[in-house]
Amino acid sequence: NKIRHSVVNNFLQFILETYTMYALLSKNGVQATFGTTPNIKHIVIGRCFTYTTLIQPGLRHVLTLDKPSVTHTHFKPRYDCEEIWRQFEKAVVQQASCNVTEEHYFEMFSMMPQVWPCDRFLFWSKTRMLVHSYAAVFRHFWTLEDTLVGFLFNDLIWCGQEEDSDFDFNSCPAWSTCRTHPVYSLWKRASQNFAEMACGNVTVLLNGSITNAFNRKSMFGSVELDSLNPQRVNYVNIKVVTNPEGPHIESCGQGSIVELIQILWSRGFRWTCTNSDLTLVILQCIQDLNQPSCQMLASSMLQQKDQSSTETNLMADIFFPNLPEMEKGAGL
């Protein structure tokens, strides 16, 4: 029991730390008035080696032949982190801050191809903190930020200056300033590649506590949705989640989600839509169990422990391990 309780508590601590990290990133992420992120070169190259060495070590090397006519083989690095940086730098420096297109990044992207298994693609819009916690718990899901390019450039800012062979570390324009913003162009291309690669069942998390949970101007609405291929994707599983304290503005049958479903239907996609997915609600409630809706959920789950599935029992023990034993036994 001590070992089991320790594992549960460690898991809970992991969830809380993940939430805290993404809350900070969301609050202090890409801002319009800052210049290029300091030490960006060391960050990008360091992240590249971290990704290929620790996060996805299977991507580190590729088996090759010395010569076509020779049978001797050796391993070489699959990704050249230094060269990836050089191609990125080449795309941005000595360019006006609003004159970097997707084509400028062509060489860089060609050096970092990546293929993911089907049924793992997770898209999102206005649910950043929650979606990454969800992906951290259920590791079979992958977001754009879990790809190599997403990992390298997540939360960084950059722009060049036409008259100088270096990045502008003083000021970069906002994304909304121009459609050829160096940050926007990179993420647009990365988003398109990620969506074009999607196959099997894909999932998208949308925020039902805001108007226009599905926004045609968002990266999902303007790039990723249009890049999904109905010949490769079996189902688009929409999950609409609202804040525990509300407001409850949109749902599968209300608001912009209806527009999204109509678009999917018109393009020949099969789809599902779920309001208030239990796992997502639990992840939200971990932030504040004092919310009335979260207290009701905890009590309901614990009262049904002996009557419900093993999966529900396990979820109750994992997410609500520290409730008083008296409360756990209520209603049994």
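Just so you know, all these numbers are worked out from the coordinates, no wet-lab data involved. Bear in mind that the values here come from a model prediction, so they are computed numbers and not experimental data. So basically every Cβ, Gly included, is an ideal-geometry build from the backbone, and we count neighbours across all protein chains shown.
Does anything in segment 84-109 have its amide N under 18 Å from the 7 Å Cα→Cβ label point of Glu162, and if so which residues?
Backbone N within reach: 91-102, 104.
Rounded, prolate or oblate for segment 177-247? Axes are the square roots of the Cα gyration tensor eigenvalues, ordered a ≥ b ≥ c, and the cut-off for rounded is a/c under 1.5. Write down the numbers at each step before the final one.
Details: a/c = 2.71, a/b = 1.15, b/c = 2.36.
The shape class here is oblate.
Rounded, prolate or oblate for segment 74-132? Axes are the square roots of the Cα gyration tensor eigenvalues, ordered a ≥ b ≥ c, and the cut-off for rounded is a/c under 1.5. Intermediate values should be presented prior to the final figure.
Numbers: a/c = 2.58, a/b = 1.18, b/c = 2.19.
Here segment 74-132 falls in the oblate category.
Between Gln114 and His42, what is the FRET efficiency for a Förster distance of 30 Å, r being their Cβ-Cβ separation, to the nearest 0.05?
E(calc), rounded to 0.05, equals 0.85.
Considering only the other residues whose Cβ falls under 13 Å of the Cβ of Val281, what net charge follows from Lys and Arg at +1 and Asp and Glu at -1?
Result for the local shell: -2.
With r as the distance between the Cβ atoms of Phe49 and Gln262 and R0 = 35 Å, compute the FRET efficiency 1/(1 + (r/R0)^6) and round to 0.05. Don't skip to the end; give the middle numbers.
Details: r = 45 Å, r/R0 = 1.29.
The pair Gln262/Phe49 has a calculated efficiency of 0.20.
Test of understanding: extend the Cα→C-beta vector of Val281 to 7 Å, then name every residue of segment 218-258 with backbone N under 19 Å from that spot.
Within reach of a label on Val281, which here means backbone N under 19 Å from a point 7 Å along Cα→Cβ, segment 218-258 contributes 238-254.
Search the structure for amide H atoms under 5 Å from the amide H of Phe121, placed 1.01 Å from N in the peptide plane, and list their residues when 5 or more places away or on another chain.
Amide H neighbours of Phe121: Trp142, Cys199, Thr203.
Ordered by residue, what ³J(HN,Hα) values in Hz, to whole numbers, does segment 256-270 give under the Karplus form 6.51 cos²θ - 1.76 cosθ + 1.60, where θ = phi - 60° and Gly and Pro are x?
Working through the residues one at a time gives 5, 4, 4, 4, 4, 4, 5, 5, 4, 4, 5, 8, x, 7, 8 Hz.
Amide H of Arg270 versus every other amide H placed in the peptide plane: which residues, excluding those fewer than 5 positions away on the same chain, fall under 5 Å?
Val236
Under the 0.36 nm per residue contour assumption, what length would be gained going from the current alpha-carbon distance of Arg139 and Thr272 to full extension?
Details: separation 133, 0.36 × 133 = 47.88 nm, distance 2.15 nm.
Full extension from Arg139 to Thr272 adds 45.7 nm.
Extension gain Thr211-Glu83, at 0.36 nm per residue separation less the Cα-Cα distance, in nm?
Values: separation 128, 0.36 × 128 = 46.08 nm, distance 4.31 nm.
Full-extension gain reported as 41.8 nm.
Give me a comma-separated list of calculated 3J(HN,Hα) values for segment 228-236, in order, Karplus coefficients 6.51, -1.76, 1.60 applied at θ = phi - 60°, integers in Hz, x for any Gly or Pro.
Karplus-based 3J(HN,Hα) across segment 228-236 equals 5, 10, x, 7, 9, 9, 6, 9, 9 Hz.
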